[in-house]
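Single-structure report; data block below.
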Amino acid sequence: MVHFRTDIAAVNPHADPGNDTYAKNLETDVLIVGAGFGGIYLMHKLRQLGFKCKIYEAGKELGGIWHWNCYPGARVDTQVPIYEYSLPEVWKDWTWSERYPGFAELRKYFEHVDNVLDIKKDVAFDTRVVGAQYDKPSSRWVIETEDGRSAKAKYLLLATGFAAKRHFPDWMGMDKFQGEIHHSSFWPDAGVDVKGKRVAVVGTGSTGVQIAQETAKTAASVTVFQRTPNLALPMQQKPITKEEQQQRKSKYPEIYKNRMTTFAGFQYDFVEKNTFDDSPEEREKFYQERFDNGGFEFWLANYKDLLFDKEANRQAYDFWAKKTRARISDPRKRDILAPVEPPHAFGTKRPSLEQNYYEMLDKPENDVVDIKKTPIVEVTETGIKTEDGKLREFDVIALATGFDSVTGGMKNMGLKDVDGVPLSEKWKMGTWSYLGMTCSGFPNMFFLYGAQGPTAFSNGPSCVECQGDWIVDAMKKLKDEDIKYMDATKEAEEQWRQRVTELSDKTLFPGTSSWYMGANIPGKPREQLNFAGGIPLYEKECREALDNGFEGFVTA
């Protein structure tokens, strides 16, 4: 049996004795946790302002999620150049090979980023934070790592991302399985040979969809265990040439400026009309154009009432179901994968982008099991047993069971407030933050791409740059005005939570059990974890707090 990883504890800690980033007792102005899109952006911007910054990263390389993600078919669901930094020094000499790059190309992109911005010299890899508390007498954060090192910093910035804590199912017998079993985000870097093998994919988020459609190319069979159908959209993947990209580069500054004016930070936005403003024929044509363009256009460039009005939403779902059902010849599979009745409002769970998912699962050798009807009860030595007593045998099991998203990473790193109360305790009954970037009782600490920001309703780089710029500007203001200490007030947190809830309650999101609402993790409070008002409104409200002299903060 191949034992599988269940946490990000450093496997081979390696300290470079010549590099002070690995010092036993590190002293720095700013300590950043995480070296993905967010951590790198903060480091680059703060260095330019003269701050001394260091990064602690649990992985072995830059790239955040793209360091961990190497499962079959792993690729981004946002088109380039939207999915990259808007920094001209980074994009001017970089070109991609396709519209939606895979993990290998994204890893190369981060190598390029390092060549340009020289990030690695200030990163301690294989370094996992297990404790952090603000020490009032010294006005410093004291941070502890798993291997016994510590750091003191004036500012603590968390760039751990929204998918930093894996979720593992609690089935009996997972340790008995004699084949290979891996969580998608701990997939072996060397890959898993699935040629001619029987593969089980548990979960149908974007990861499950990608693994299933990719492994089905060479595996003997692929069986997907589905709790909820993924209302996946056609990716319309295409190669792009270097020449095409070079020609477009003069427009990049404008493209990056425009992406911050759209709801989700993409190159397109909802149209300024409602679903029933169009005749059925016009609507059909409009939907078809979105589908043909591919990507998230059918989701985020649809009619503006899509996520607010049930009847309007049903029109979009019916179009999606009609198009998808036409691709599946097996009537049983068709009803599981694309039911006539919507499992939830379209777009209230993030759709995946697929290339040939439905055609692959339609093949006779492949199967899909509805685990709402027949739940998985245990894993045996040879396979997976469902409640109806049926045992299906496999050689490889891929757990695409997702993450304790948005809040799990921050609750999992030993963070304590000034009085020693763990954040995991404070957030037990729900999530409180101010502006989705600060927490009361955690002075001089900022986080991005996490709870109560535009996180899941945006694309990563757009969200990171929007929040990263605010954090950098806030720190510059603190420095310029010689403010030693800033802390969000309880009242400001309470008001922000109400704001997040009020925006969400106007939409169809609360009606769906999704990871957006924390509903994918047993026992997790059900609440809206993201700011549902779009990036422009979010940026406006955060800027007002800063421009009004740190409104909502206590400063000293």
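Each reported figure results from applying straightforward, stated rules to the coordinates on display, with no laboratory input. Predicted model only: the values in this text are computed from it and were never measured. When we count neighbours, we look across all protein chains shown, and the Cβ atoms used for this are built from the backbone with ideal geometry, even at glycine.
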Fewest-first ranking of Glu544, Glu527, using other Cβ atoms within 10 Å as the exposure measure: Glu544, Glu527
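Tell me the Kirkwood radius of region 71-141: reciprocal of the mean inverse pair distance over distinct alpha-carbon atoms, in Å.
Working: mean 1/r = 0.0663 Å⁻¹.
Across region 71-141, the inverse of the average 1/r is 15.1 Å.
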Calculated log₁₀ intensity ratio I(q)/I(0) where the Debye formula runs over C-alpha points of region 279-345, q = 0.18, 0.29 Å⁻¹: -0.70, -1.33
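Taking only Cα atoms of region 204-302, what ratio of Rg to Rh do you get with Rh as the Kirkwood inverse-distance radius? Please report the intermediate quantities before stating the final value.
Values: Rg = 17.7 Å, Rh = 16.7 Å.
My calculation puts Rg/Rh at 1.06.
What's the Cα-based Rg to Rh of region 348-426, Rh via Kirkwood? Don't jump to the answer; show the numbers that get you there.
Working: Rg = 19.4 Å, Rh = 16.8 Å.
Taking Rh as the inverse mean 1/r over Cα pairs, Rg/Rh reads 1.16.
Per DSSP H run of at least 4 residues, take -39500 (n - 2.57); add these up for the chain, divide by its residues and hand me the 222 nm value, nearest 500 deg cm²/dmol.
Values: 17 runs with 165 residues, N = 556.
Per the formula, -8500 deg cm²/dmol.
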Where only C-alpha atoms are counted, convex hull volume of the chain per residue in Å³: 151
Relative exposure of Ile40, Ile336, judged by other C-beta atoms within 10 Å (fewest first): Ile336, Ile40
Taking region 149-248 and dividing mean pair separation by its residue count, relative contact order in percent (alpha carbons under 8 Å, at least six apart): 21
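For a distance above 28 Å, tell me the whole-number percent of Cα pairs in region 115-268 that qualify.
Values: 6407 of 11781 pairs.
Tail of the P(r) past 28 Å holds 54 percent of the pairs.
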Amide H partners (placed H, <5 Å) of Tyr434, local residues excluded: Cys439, Ser440
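Quick check on my link table: of Lys60/Lys484; Lys52/Lys349; Lys257/Lys349; Lys238/Lys310, which ones sit more than 32 Å apart, alpha carbon to alpha carbon?
Details: Lys60/Lys484 34 Å; Lys52/Lys349 40 Å; Lys257/Lys349 27 Å; Lys238/Lys310 34 Å.
Long pairs (Cα-Cα over 32 Å): Lys60/Lys484; Lys52/Lys349; Lys238/Lys310.
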Assigned charges on the beta-carbon of Lys, Arg, Asp, Glu; the chain dipole about Cα centre (debye): 440
Extreme residue, positive dipole direction of the chain, given options Ala216, Val340, Tyr83 (C-beta unit charges): Ala216
From phi via Karplus (6.51, -1.76, 1.60), per-residue ³J(HN,Hα) for region 90-106 in Hz, x at Gly/Pro: 8, 7, 4, 10, 10, 9, 9, 9, 8, 4, 10, x, x, 4, 5, 6, 5
Long-range amide H partners of Leu353 with built H, under 5 Å: Leu233
Cα convex hull of region 373-504, projected area averaged across orientations, nm²: 12.2
Where only alpha carbons of region 269-395 are counted, the Rg and the Dmax (Å): 17.8, 58
